[in-house]
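Peer 1: Sharing a structure with you now.
Every number in this text was worked out from the coordinates using simple rules, so none of it is lab data. Quick caveat, the model's predicted, so the values are computed rather than measured. Cβ placement follows ideal geometry from the backbone for every residue including glycine, while neighbour counts extend to all protein chains displayed.
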Amino acid sequence: MSYELSVNGRRESVDVPGMTPLLDVLRDELSLRGAKKGCAEGRCGACTVRLGDRTVASCLLPVAVATDEPISTVEGVAAPDGPLHPVQEALLECGGVQCGACTPGMVMTLCDLLEADPDPDAQSVRQALVGNICRCTGYHKIVEAALSAAAALREAR
Amino acid sequence: MSIVLTRPEVRHASSVEEAVGWLAELGAGAAPLAGGTWVMRAEQRGEPLTQTYVALGRVPELRAVTGTDPVVVGALTTHTALAGLAGPPALDALRQAAHHSAFPQVRNVATLGGNIGARGFVEADLVPALLALEARLVLAGPDGRATVDLTNYLADRDARPAGEIIVAAELPVATTRRSGYARLTVRGGGEYAIASVAISVDAAADGTVTDARVAVGSVEPLARRCPAAEAALRGAPLSAVTARAAGAAAAAECSPRSGLDAPGWYRTAVLPGLFERAATRAGHDVVTTEA
Ligand SMILES: Cc1cc2nc3c(=O)[nH]c(=O)nc-3n(C[C@H](O)[C@H](O)[C@H](O)COP(=O)(O)OP(=O)(O)OC[C@H]3O[C@@H](n4cnc5c(N)ncnc54)[C@H](O)[C@@H]3O)c2cc1C
Ligand code: FES
Ligand code: FES
């Protein structure tokens, strides 16, 4: 089946079975390899992307139901040649990136959080991250990065 | 169960009648598709996919939330939307159950209808909350529409007629009604519940509980009402003491299942504590506190 998707503002057409996970389409058909396949069962958040105005686990989303709303991935949060997004910058700055496997998902979740709540406390950051597993950092540095990015974004406004 | 020879096909229905028509025609070779968070893990559970999925996402009627008493919640309402559902305190247990289930990325797509329709999903959080709220389901099938008690639906969930879908849940919301939900997980949030408890009570002006509905999830293979626990709550104001006594009564009437996460005895041993927590939350908007 042929499906039309809007990904990071571009129209894309793919020819795959309808139950193919969106994650496989992004990685294998569209060469967008930011989102990672950590668990493939909705538990780790490494595959987090945005569909319309909400974050979703793309490993569990059949491509057939991803056609009605725009999709954005980590590749779309900053312009290809531009500076990093403040969330990405803060993750690097605060030591929130080690192996990097969880990072694309962390970025998507944190961007989503900071849009909804520009001034979160550490507890709301932790709650927002309940679906994103990191095996390296112990989370503290990611929480710090979120608070620091929030401050940077507030200042920029 | 059918054997899949080709990769499953997805058809988008544009109305309830179209979905019902296709599902009836295709019989065992087809199933509804809502958020897909259960269906997409079928192979991990060792269950084959069916040949055709009928996607319900483009049926506007299934997304609607209407009415004031009962509040009628469309089957495609997501856990995230349910956590923020408008309406009186009678609905608190459902809001709390939706908020504490799974993770944001899953709550944003998983639906009410999918939670009820997921056969074999022992730990579903919405189901016990809906049982305590005395939800009735609006069903559509080849012979038209019907409304049934959720209890009756669950009793033969594994043998529902081909072509039937859940359209909505009707939730009665008497103003005297308060409800609360509590679940226990090994770590904090984002896990399946070892046991879960939903309590819904009607109280007289002096606080005396005149009627109670209690449901326990994840303890037996299917969430259930607990009549002995309900009786234990009637006749006195809701308190930690009455809630614990009701929890003990529920523990005595349940036959707990054992699993990798917990042995059976443990699931019932934690019930008094969970009953107390659910009672504390009844009538309080504690959706933002931890699991
Ligand atoms: C890692 C993970 C953890 C989770 N943890 C929890 C948890 O702790 N608690 C919890 O409650 N949920 C949890 N969930 C979410 C759970 O999958 C959903 O709650 C729900 O059971 C499925 O909803 P869905 O819309 O995705 O359904 P789908 O996967 O689309 O469908 C589920 C089943 O219901 C049927 N169905 C769907 N809609 C209808 C309808 N309208 N009428 C009739 N049948 C229908 C389908 O045919 C299928 O058999 C978790 C999910 C994941 C991935
Ligand atoms: S790969 Fe999707 S949640 Fe782990
Ligand atoms: S940095 Fe390695 S998993 Fe998070």
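Peer 1: From the C-alpha coordinates alone, can you work out the Kirkwood hydrodynamic radius of segment B:177-280, in Å?
Peer 2: With all distinct Cα pairs of segment B:177-280 included, I get 13.4 Å.
Peer 1: Moving to a separate point now. Using only alpha carbon pairs under 8 Å that are at least six residues apart, calculate the relative contact order of chain B and give it in whole percent.
Peer 2: This gives 17 percent for chain B.
Peer 1: What dipole magnitude, in Debye to the nearest 20, does segment A:2-76 give about its Cα centre under +1 on Lys/Arg Cβ and -1 on Asp/Glu Cβ?
Peer 2: For this selection, approximately 340 debye.
Peer 1: Shifting gears a bit: How high is the relative contact order of segment A:2-76? Use alpha-carbon pairs under 8 Å, at least six apart in sequence, and give a whole percent.
Peer 2: Computed over segment A:2-76, the figure is 39 percent.
Peer 1: Can you put A:81, A:24 in order, fewest other beta carbons within 10 Å first? The partial results should precede the final answer.
Peer 2: Numbers: A:81 5, A:24 16.
Lowest count first: A:81, A:24.
Peer 1: Here is a further query. Suppose we take every Cα in segment A:2-76 and form the convex hull; what volume per residue is that in Å³? Could the numbers behind the result be given before it?
Peer 2: Details: hull volume 5.5 nm³, N = 75.
Hull volume normalised by residue count: 73 Å³.
Peer 1: How much net charge surrounds residue B:24 when only other residues with a Cβ under 15 Å from its Cβ are counted (Lys, Arg +1; Asp, Glu -1)? Let's see the in-between values first.
Peer 2: Values: positive: B:11, B:145, B:160; negative: B:17, B:18, B:25, B:143, B:164.
Here the charged neighbours net out to -2.
Peer 1: Given only helices, namely DSSP H runs of n ≥ 4 each adding -39500 (n - 2.57), what is the per-residue ellipticity at 222 nm of chain B, to the nearest 500 deg cm²/dmol?
Peer 2: Taking each H run of at least 4 residues, the total per residue is -8000 deg cm²/dmol.
Peer 1: State to the nearest 20 debye the size of the charge dipole of segment A:1-126 about its Cα centre, where the only charges are +1 on K and R beta carbons and -1 on D and E beta carbons.
Peer 2: Value, rounded to 20: 380 debye.
Peer 1: Give the separation of the Cα centroids, segment A:42-85 to segment B:92-167, in Å.
Peer 2: Centre-to-centre distance over Cα atoms comes out at 28 Å.
Peer 1: How charged is the neighbourhood of residue B:118? Take every other residue with its Cβ under 13 Å from the Cβ of residue B:118, and add Lys/Arg as +1 and Asp/Glu as -1.
Peer 2: Taking every other residue near residue B:118 into account, the sum is +1.
Peer 1: Could you list B:275, B:103 in order of exposure, starting from the residue whose Cβ has the fewest other Cβ atoms within 10 Å?
Peer 2: B:103, B:275
Peer 1: Additional query: Ordered by residue, what ³J(HN,Hα) values in Hz, to whole numbers, does segment B:29-40 give under the Karplus form 6.51 cos²θ - 1.76 cosθ + 1.60, where θ = phi - 60° and Gly and Pro are x?
Peer 2: Those phi angles translate into x, 9, 8, x, 10, 9, x, x, 6, 9, 4, 5 Hz.
Peer 1: Sticking with this structure for a sec: By average Cβ neighbour count within 10 Å, what is the ranking of B:213-221, B:198-206 from highest down?
Peer 2: B:213-221, B:198-206
Peer 1: Moving on to the next point. Less than 11 Å Cβ to Cβ from residue B:208, Lys/Arg counted +1 and Asp/Glu -1: what total charge do the surrounding residues give?
Peer 2: Result for the local shell: -2.
Peer 1: In what sequence, highest mean first, do B:115-127, B:226-238 appear when ranked by Cβ atoms within 10 angstrom?
Peer 2: B:115-127, B:226-238
Peer 1: Let me ask something else. Per chain A: cysteines with no other Cys C-beta under 4.7 angstrom?
Peer 2: If one checks each Cβ against the other cysteines of chain A, A:94, A:99, A:111, A:136 turn up with nothing under 4.7 Å.
Peer 1: To continue, here is another question. Take peptide B:97-104, look around each residue's Cβ out to 10 angstrom, count Cβ atoms belonging to other protein chains, and average those counts. Spell out each step's value before the answer.
Peer 2: Values: counts 0, 0, 0, 0, 0, 5, 14, 15.
Taking all residues of B:97-104 together, the mean is 4.
Peer 1: Go through segment B:162-168 residue by residue and turn each phi into a ³J(HN,Hα) via Karplus (6.51, -1.76, 1.60, θ = phi - 60°); whole Hz please, and just put x for glycine and proline.
Peer 2: Karplus values, whole Hz, x for Gly and Pro: 4, x, 8, 10, 7, 8, 6.
Peer 1: I'd like the Karplus ³J(HN,Hα) series for segment B:214-227: coefficients 6.51, -1.76, 1.60, θ = phi - 60°, whole numbers in Hz, and an x wherever there's a Gly or Pro.
Peer 2: 10, 9, 10, x, 6, 8, 9, x, 9, 4, 9, 6, 10, x
Peer 1: Could I ask something else about it? Using the Cα centre as the reference, give the magnitude of the dipole from point charges on the C-beta atoms of the protein assembly as shown (Lys, Arg: +1; Asp, Glu: -1; all else neutral), rounded to the nearest 20 debye. Spell out each step's value before the answer.
Peer 2: Details: 40 positive and 50 negative charges, 175 e Å.
Value, rounded to 20: 840 debye.
Peer 1: With each run of n ≥ 4 DSSP H residues scored as -39500 (n - 2.57), what mean residue ellipticity at 222 nm is computed for chain A after dividing by its residue count and rounding to the nearest 500 deg cm²/dmol? Let's see the in-between values first.
Peer 2: Numbers: 4 runs with 46 residues, N = 157.
Theoretical 222 nm ellipticity from helices: -9000 deg cm²/dmol.
Peer 1: Work from the charge dipole of the protein assembly as shown (Cβ charges, +1 for Lys and Arg, -1 for Asp and Glu, about the Cα centre) and give the residue of B:219, B:46, B:141 farthest towards its positive end.
Peer 2: Value: B:219.
Peer 1: Of B:196, B:231, B:273, whose Cα points farthest to the positive end of the dipole of chain B (charges on the beta-carbon: +1 Lys, Arg; -1 Asp, Glu; origin at the Cα centre)?
Peer 2: B:273
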